[in-house]
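Comments concern the structure below.
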Amino acid sequence: MNIHITIAQKVPQEAFERVLDVMRCLQQTDANFDGVAIAVTRGPVEEFVVTDTVDSLRENLLRLVVEDALKGGFVNAPRSAQGARHAMND
């Protein structure tokens, strides 16, 4: 598994689902994540942990993305990203 994100049990389900949505969005819209295995699970961590076994820079970027998603950022991320993607192709 290239990327593993562990989210604490205490994190609300809505926030957990935002992280899932953002990871799906990245895999669908960002060539850097195309074909990259990303697992998002709950586990015994303080808030969250991101581990990328291949790319430490990508790991640091994802840490920031996950932190923002947990705080409420990236609402409707898949729709927003798809809109931006279509706008770029027009």
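The values are calculated or read from the model by the stated rules, or taken from the named source; none is laboratory data. Note that this is a predicted model, so its numbers are computed, not measured. Here the Cβ is made from the backbone with ideal geometry for all residues, glycine too, and neighbour counts use every protein chain on show.
Below is a table of values for the structure above.
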| quantity | calculated |
| --- | --- |
| Qualifying residue in the stretch 27-43 (condition: charged (D, E, K, R) and touching a residue at least 40 places away in the same chain (Cβ under 8 Å)) | no |
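Every residue, every condition in (1) surrounded by 15 or more Cβ atoms within 10 Å (Cβ to Cβ); (2) in a helix (DSSP H, G or I); (3) modelled with pLDDT of 95 or more, yes or no:
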{"position": "M1", "(1), (2), (3)": "no, no, no"}
{"position": "I5", "(1), (2), (3)": "yes, no, yes"}
{"position": "V22", "(1), (2), (3)": "yes, yes, no"}
{"position": "L26", "(1), (2), (3)": "yes, yes, no"}
{"position": "G72", "(1), (2), (3)": "no, no, no"}
{"position": "V75", "(1), (2), (3)": "no, no, no"}
{"position": "H86", "(1), (2), (3)": "no, yes, no"}
